[in-house]
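The values are calculated or read from the model by the stated rules, or taken from the named source; none is laboratory data. This one's a predicted model, so the numbers in the text were calculated from it and none came from an experiment. Note that each Cβ is placed from the backbone with ideal geometry, even for glycine, and that neighbours are counted across all protein chains shown.
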Amino acid sequence: MQSKIRINEFTLSYYGIYIIEFEYKNRRYKFNFYLPLFDLFKIIQNENLDVENFKEDFDFRHTFTKTILEFDIFEEKNEKVVFINSELGEYCEEQYNIQLVDAKIVD
């Protein structure tokens, strides 16, 4: 059964691809994250950050606490979440062996 989880504290890193880190039910998750530029601007706005200062301060890693992300999950099994890949995520995994998960920003 497909369901969703929401998180509101997460860290983004950027090294040619975004990496997201967060804790959910006392378990730490870290994986490649698909983040369109428009969504990054929306997160910056939600966090009340200035875009110009953010570009200088980002330094490849930043923690966010005011934005809620919603992930589609396949199941929670043995206290571990199995995330659902989008079509783009499935393509990247098949073509490049890169897992890529995305999320929706909750308003």
Filter result (surrounded by 14 or more Cβ atoms within 10 Å (Cβ to Cβ) and of a type outside the set (Phe, Trp, Tyr)) within the stretch 46-75: Asn46, Glu47, Leu49, His62, Thr67, Ile68, Leu69, Asp72, Ile73
Where Glu47 falls short, out of the listed (1) on the phi > 0 side of the Ramachandran plot; (2) at pLDDT 90 or above; (3) of a type in the set (D, E, K, R): (1)
Selection from the stretch 56-75 of residues that are assigned to a strand (DSSP E or B), of a type outside the set (Ser, Thr, Tyr) and closer than 16 Å to Leu40 by Cβ: Arg61, His62, Phe64, Ile68, Leu69
Filtered residues of the stretch 72-107 (kept if within 18 Å of Leu37 (Cα to Cα), in contact with a Phe, Trp or Tyr (Cβ under 7 Å, 6 or more places away or on another chain) and in contact (Cβ under 8 Å) with a residue 60 or more places away in the chain): Leu100, Val101, Asp102, Ala103
Residue list for the stretch 76-107, filter: surrounded by 15 or more Cβ atoms within 10 Å (Cβ to Cβ), modelled with pLDDT of 80 or more and either in a loop (DSSP other than H, G, I, E, B) or of a type in the set (Ser, Thr, Tyr) (or both): Leu100, Asp102, Ala103
Number of positions in the stretch 43-98 that are touching a helix residue (DSSP H, G or I) at 6+ places or on another chain (Cβ under 7 Å) and closer than 17 Å to Tyr18 by Cα: 6
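Yes/no per residue for (1) surrounded by 16 or more Cβ atoms within 10 Å (Cβ to Cβ); (2) over 28 Å from Glu75 (Cα atoms); (3) over 12 Å from the mean Cα position of the chain (by Cα):
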residue: Asn8; (1), (2), (3): no, no, no
residue: Tyr24; (1), (2), (3): yes, no, yes
residue: Phe31; (1), (2), (3): no, no, no
residue: Leu37; (1), (2), (3): no, yes, yes
Residues that are aliphatic (A, V, I, L, M), farther than 15 Å from Phe10 by Cβ and in contact with a strand residue (DSSP E or B) (Cβ under 6 Å, 6 or more places away or on another chain), drawn from the stretch 56-97: Ile73, Val82, Ile84
